[in-house]
Amino acid sequence: MEYPNLDDLNRFNLMINITLHDSNESEKNSLESNSSGTHLLPTSDSNKDKASELEDAQSLVVASDTNSNKSVVPCKVCGDKASGYHYGVTSCEGCKGFFRRSIQKQIEYRCLRDGKCLVIRLNRNRCQYCRFKKCLAVGMSRDSVRYGRVPKRTREVSNSSNTISATSSRINNINSASNSSISTTVTDPNTKTLDDLSSVDSTYASSQPSTPQMCSIATSPENMMVLSPSTTNNVTENDQNDVFTVYDVISCVSQAHHSYCTYTDELIEKLSTRCPIKMPIHESNKKDKNVATSLTEVLEEQKIWLWQQYAQHMTPDVQKIVEFAKRVPGFCDFTQDDQLILIKLGFFELWLSYIAKTTTDSSLTFDDGTFLTRKQMEIMYDVDYINDLINFTNGLNCCSLSDTEIGLYTALVLLSSDRPGITDQKSIIHARERIAEALRVQLIRSRSNSTTAVQILPALDAKIQELKSLGHRHSKHLDWLRTNWTLARLPPLFAEIFDIPKPDDELLQQ
């Protein structure tokens, strides 16, 4: 497969530099919009379980017993008074217990809002998804074993940091207010180009700390001290991702998949109205003696029209897959050129893995309920290619992967170190090995028969090779569009990610 040159990749540049808003701004906006989250498991009317209430009470007791003359060190998760080091960070009894239960019971949470709920002492039990995300963001890890009181030096450093943070927060609030009209603007994704996918410059992006949803946990010297002995010797500032446990990786990828994939089981169930993409009516000239030429023209018109519909439905997923990629642990540590190559050459393969759940022997259904028939797909590609494509989707569906497992599987597909043009294969292989281990653990723990789970792994590996072949052949089929680009009106983002020329008027609008 041909890979994009650096000039093409530079046009893709801003796509990678999208960052989440400052966490303080996000939490502030979340509070103002009365955001709230729910847990997948049933909760009481007060939205607090007994364990949380008990730990809240314990937290208050710890606070009341503390000498008022001592400096107060807040819990890094909710801001309550910390009782000591728990799972690697200064935290209160409530957040310590919440994190312990989440890890021990391997609970998967879900936020019904935007995943940016404010987490403070007064409402920390309202959205468990955002609370657990905050635990990971500040560095909590079950591999961290240090417990005890907060040292005086740490209290002093914490107080100094809190003063600076408070000042920065006020400045950020002023800036966010002035930019609110920009940040809330909604744009049709089909009209975007790759350069339009970023609203934040690289200087700002590099200054923001990473979160578990954004590639890695930012490891401070304090957190480095509390890792277990088996990991302390191997962790350096240049290898921060090693603080991830297997469960951290599973949780991180699962949350990213649920946030950005529109083909999850829950969303597929809501596709009540399914209608085919109707072909345009072509009135052929019956008196035309050149019948063969006329049929060729009809097929060409149908092929162009079908590709236009196909592109319109596929294009919104470009940005979603970019956001998913940025949250795969380790991805943001690669060189920018390698990131661009992985996304650009892997996009179709990830997208096909998503849409496999809605693909049958007779149709391919998009996330809005419309679908292409098998005959229509054969017009776009060819019979052999569609046979192989449907064989792949059927085989993947036979593995009965959950949404979390699909997320881990697509992360494996993304982290393909053998893409043409990759420069740092070692880093990609290292990140991929962690994803592979996480997928293995997830398959075993979600199935009662561990033997069956282990047998699925070779099948999935074979599917990845099959998928790469489909991706390569898909690129070859796009050569027809690259040759006949003047006949089709394709979304600029679709044309750019697949290296299809664009009309001059679209180029002038960029």
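Before we move on, is residue 411 in contact (Cβ under 8 Å) with a residue 24 or more places away in the chain, outside any loop (DSSP other than H, G, I, E, B) and either under 25 Å from residue 310 (Cα atoms) or not hydrophobic (A, V, I, L, M, F, W, C) (or both)? Full working, then the answer.
Numbers: in contact (Cβ under 8 Å) with a residue 24 or more places away in the chain: yes; outside any loop (DSSP other than H, G, I, E, B): yes; either under 25 Å from residue 310 (Cα atoms) or not hydrophobic (A, V, I, L, M, F, W, C) (or both): yes.
Against the criterion (in contact (Cβ under 8 Å) with a residue 24 or more places away in the chain, outside any loop (DSSP other than H, G, I, E, B) and either under 25 Å from residue 310 (Cα atoms) or not hydrophobic (A, V, I, L, M, F, W, C) (or both)), residue 411 qualifies.
Which members of the range 394-410 meet the condition of being of a type in the set (S, T, N, Q) and either surrounded by fewer than 21 Cβ atoms within 10 Å (Cβ to Cβ) or in contact with a Leu (Cβ under 6 Å, 6 or more places away or on another chain) (or both)?
Across the range 394-410, the qualifying residues are 394, 397, 400, 402, 410.
So how many residues does the range 74-130 have that are outside any loop (DSSP other than H, G, I, E, B), touching a residue at least 40 places away in the same chain (Cβ under 8 Å), surrounded by fewer than 22 Cβ atoms within 10 Å (Cβ to Cβ) and of a type in the set (Gly, Ala, Ser)?
So the answer is 2.
State which residue is modelled with the highest pLDDT when the search covers only the range 487-509 and only residues that are farther than 21 Å from residue 381 by Cβ and either hydroxyl-bearing (Ser, Thr, Tyr) or not in a helix (DSSP H, G or I) (or both).
502
Output the number of the condition that residue 423 fails; it satisfies all remaining conditions of (1) farther than 20 Å from residue 316 by Cα; (2) more than 24 Å from the chain's Cα centre (by Cα); (3) not acidic (Asp, Glu).
The single condition residue 423 does not satisfy is (2).
Within the range 361-384, track down each residue that is among the polar types (S, T, N, Q), part of a strand (DSSP E or B) and under 18 Å from residue 396 (Cα atoms).
363, 365
Find all pairs meeting these conditions: Cβ atoms under 6 angstrom apart; at least six residues apart or on different chains; first residue within the range 456-476 and assigned by the TED database to the domain that holds residue 414 and surrounded by 15 or more Cβ atoms within 10 Å (Cβ to Cβ); second residue part of a helix (DSSP H, G or I) and among the acidic types (Asp, Glu).
467/349; 471/349
Under 8 Å by Cβ, and 6 or more places apart or on different chains, what pairs join a residue from the range 320-345 that is more than 19 Å from residue 437 (Cβ to Cβ) with one that is assigned to a helix (DSSP H, G or I) and basic (Lys, Arg)?
332/326
Is the range 384-401 home to any residue that is at pLDDT below 95, small (Gly, Ala, Ser) and within 22 Å of residue 252 (Cβ to Cβ)?
No, the range 384-401 contains no residue that is at pLDDT below 95, small (Gly, Ala, Ser) and within 22 Å of residue 252 (Cβ to Cβ).
So which residues in the range 425-463 are part of a helix (DSSP H, G or I) and among the basic types (Lys, Arg)?
If the condition is that a residue be part of a helix (DSSP H, G or I) and among the basic types (Lys, Arg), then 426, 432, 434, 440, 445, 463 are the ones that fit.
With the requirement that a residue be surrounded by 15 or more Cβ atoms within 10 Å (Cβ to Cβ) and of a type in the set (S, T, N, Q), what does the range 439-455 give you?
442
Among residues belonging to the range 327-360 that are of a type in the set (S, T, N, Q) and part of a helix (DSSP H, G or I), point out the one that is farthest from residue 383 (Cα to Cα).
Per the stated criteria, the residue is 336.
Determine which member of the set 250, 281 is part of a loop (DSSP other than H, G, I, E, B) and either modelled with pLDDT of 90 or more or more than 15 Å from residue 402 (Cα to Cα) (or both).
After applying the criteria, what remains is 281.
The values are calculated or read from the model by the stated rules, or taken from the named source; none is laboratory data. Note that this is a predicted model, so its numbers are computed, not measured. Neighbour counts are summed over all protein chains in view; Cβ atoms, including those assigned to glycine, are modelled from backbone coordinates with ideal geometry.
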